[in-house]
Structures are given as C-alpha cells and as structure tokens.
Amino acid sequence: MIIIIDEASEKLASFYYHDEIFKLQWRSVAGKASMSEELQEKLYGALLGKLLDELQKKLPDEQQNNLCVYEIENNSGYTEYADNTAKANTGNLRKPKAPADYIWIVSNRQQKQIADSLGIASVGEPQCGTRYAVESLAELDIEYLERVRRRYNHIPWDIGETDRCLIRELSLSDLPALYELYDKPGMTDYVEPLYDYETELEYQKAYIENMYGFYEYGMWLVFSRETGKLIGRAGLEHDELGYMIAPELWNQGYATEVCRFIIDYARENTDFEELYCRIDERNEASVRLAKKLGFTNSGHMDDDINASIYRKNIKNNEKH
C-alpha cells in the first residue's frame, strides 16, 4: 500500500509517529524532473503513467510542493491471500494494478475530487466529503487505511487466521469455487442451496456492498492455509452464527476451530451480548458442536424444519 498525503495532514495523522514503517518515496510533484530515472519509472509504472501529470495539472503549486508519497514496507501483518484471490483456483498471484495500491489522505474536497478522477481510494475528515470519513486524522492507523483501500477497490478483507484456516470475505471471483463446495455430498442437507448463477451473482454483489460494506461482518469464506483451497463458509448474520465445512474434513475439528475464532471475533468487534444459531434437530453433528462451544438449547422455533435455537452469552465468557 502506498499513501499520498500532504504535510499538513501528515502531522495530524497518528501513523506519522510510526515512521519506521515508511519509506519516503517522493516529495513535491513539481520536482519530478529531479528524481532518478529508476524512481520515476517505479512511480510512473505503479500509476499507469498518469498520476503525476494529472496532479500537476489539477493541484495548486503550493500543494504540489507539499505532497508526499509513502510506501508501506510492512503491510501491518496483512496476508497476501485477499489480494491474491485467484491463487487457490489458478495458482497465479495477483499482479498489482495501479492505482489500486494507493490511498490518499485528503485534506480538502479538491484533493478528494482529484482522487476520484484517478480512481484512487481516499479518506479524510467529514468536510472533505470522502465516503470513509474520520472525525480526526489522529484516529487513523495502517489497518484502517488498508481496509479502506481494499473496500474501495473491491478487494476482500482478511478477517483472521486459525491454526489451519484463513477466514476472509467473499469476492465475486470466488463464486465458481463456492458452487463446487455446495455441490459436495451433504452440504445442503440442512442449509439452503445457492441460487442460479446470475441470481446468486446479483445477490452477492448487494451482499458485499451492503452487508460487508455497512456492518463490516457477514458470512465469510474459509480457506485451508496449507492448500489455499476453499473448504467452508462461516460467519455472522448479525447475531446469528453460521458455519459449514467440506465433508472430506468432517470430524477433524475444523468447524470447532473456525467457530471459536468467530465467537472471539464477535466478542471483541461487535456489541452483541449473545450469539445464537438455528439447528435442525436431525443435524446431530451441529447439535454436538453447539454444546461443545457452550451454546444451550433455548427452545423450539419452527415445527416445519425441526429447528431449535441455541444461544450463548459471549460477554461473560473468557476468550477461547
């Protein structure tokens, strides 16, 4: 991730005090002629050759002279799984596509408009008019900037890791693998199947925009850290816990491992006092898992589907 910022905003941003993770790449748009050819090539290549020219055309001279570009040398612990979405299915790493690797911490609406025209994610204080606004730049940290950059560029967030699994948001490129998962024996015995492809595509577009984009949680995908392949789906539909694991991995502790992570995630990142799950009474494996995780049966819900509600208070329990 590369950060564009002017000197005034730089001094107000919290990450300014952690400059050991930055490498100053470029100061003063107007002074680009004095840059080394190697650095010019790097910056031009990363921005498809147009950012510097566009900034010179649109920014006042005084802002050109105060603009800085920083490259994050250590991406705050984020894995490369999300940026390499297609790796599990194709074996190919994502090639960086500028300006998707950039985020601009803007200090005024003019900068925000220029960022929009260049397709660069931006964040700023409310008066700047950015989609992602903070009351104070001092609230910013690298993790937040990285998540804004990914959301703007439709790159799924990494939610976290367990010993054997990576949990991350769904992207539209995951749909073929998701259909393969749902087509495995037993996967839809107790859950609804996917829609036809076109309907599911539109549903997931709206889900990513509204559920992930607004609530910052939802049903996520579970990948094997060893193979990179999709092995399940799990997450939160508001305060409801949901999970499914590929049948070839049943009875190996994967569901327990993933669900414990999600319970801890909900405890630390949401205001939910409790979680619940709906379990078909015929699904004996899920009943056993719910009890193992500390859920208790709170009563029958629907006679037609033989479902019971299992609940767990998550605020009065220690982390798993």
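Some observations on this one:
- Search result, residues across the range 220-248 that are in contact with a helix residue (DSSP H, G or I) (Cβ under 9 Å, 6 or more places away or on another chain) and open to solvent by 30 Å² or more (accessible area, probe 1.4 Å): THR227, LYS229, GLU237, HIS238, ASP239, TYR243
- Tally of residues being out of contact with any strand residue (DSSP E or B) (no Cβ under 8 Å at 6 or more places or on another chain) and without any contact (Cβ under 8 Å) to a residue 40 or more places away in the chain across the range 109-130: 5
- Enumeration of residues in the range 145-171 that are part of a loop (DSSP other than H, G, I, E, B) and either closer than 18 Å to ALA121 by Cα or of a type in the set (Val, Ile, Thr) (or both): ASN153, HIS154, ILE155, PRO156, TRP157, THR162
Quick grid of which residues meet (1) among the aliphatic types (A, V, I, L, M); (2) touching a residue at least 12 places away in the same chain (Cβ under 8 Å); (3) closer than 21 Å to PRO193 by Cα:
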{"position": "VAL258", "(1), (2), (3)": "yes, yes, no"}
{"position": "PHE261", "(1), (2), (3)": "no, yes, no"}
{"position": "CYS277", "(1), (2), (3)": "no, yes, yes"}
{"position": "ASP280", "(1), (2), (3)": "no, yes, yes"}
{"position": "PHE295", "(1), (2), (3)": "no, yes, no"}
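- Search result, residues across the range 147-181 that are without any contact (Cβ under 8 Å) to a residue 60 or more places away in the chain and surrounded by fewer than 16 Cβ atoms within 10 Å (Cβ to Cβ): HIS154, LEU172, LEU175, TYR179, GLU180
- Subset of the range 259-312 (residues that are over 26 Å from the mean Cα position of the chain (by Cα), more than 23 Å from THR188 (Cα to Cα), among the β-branched types (Val, Ile, Thr) and open to solvent by less than 50 Å² (accessible area, probe 1.4 Å)): none
- Residue that is least open to solvent (accessible area, probe 1.4 Å), among those in the range 182-193 that are modelled with pLDDT under 95 and either assigned to a helix (DSSP H, G or I) or among the hydrophobic types (A, V, I, L, M, F, W, C) (or both): MET187
The values are calculated or read from the model by the stated rules, or taken from the named source; none is laboratory data. In this text the structure is predicted, and so the values were computed from the model without any measurement. Cβ atoms come from the backbone with ideal geometry, glycine included; neighbour counts cover every protein chain shown. With ligands, DNA and RNA removed, areas are computed over all heavy atoms of the protein, side chains included. Shrake-Rupley method; radii C 1.70, N 1.55, O 1.52, S 1.80 Å.
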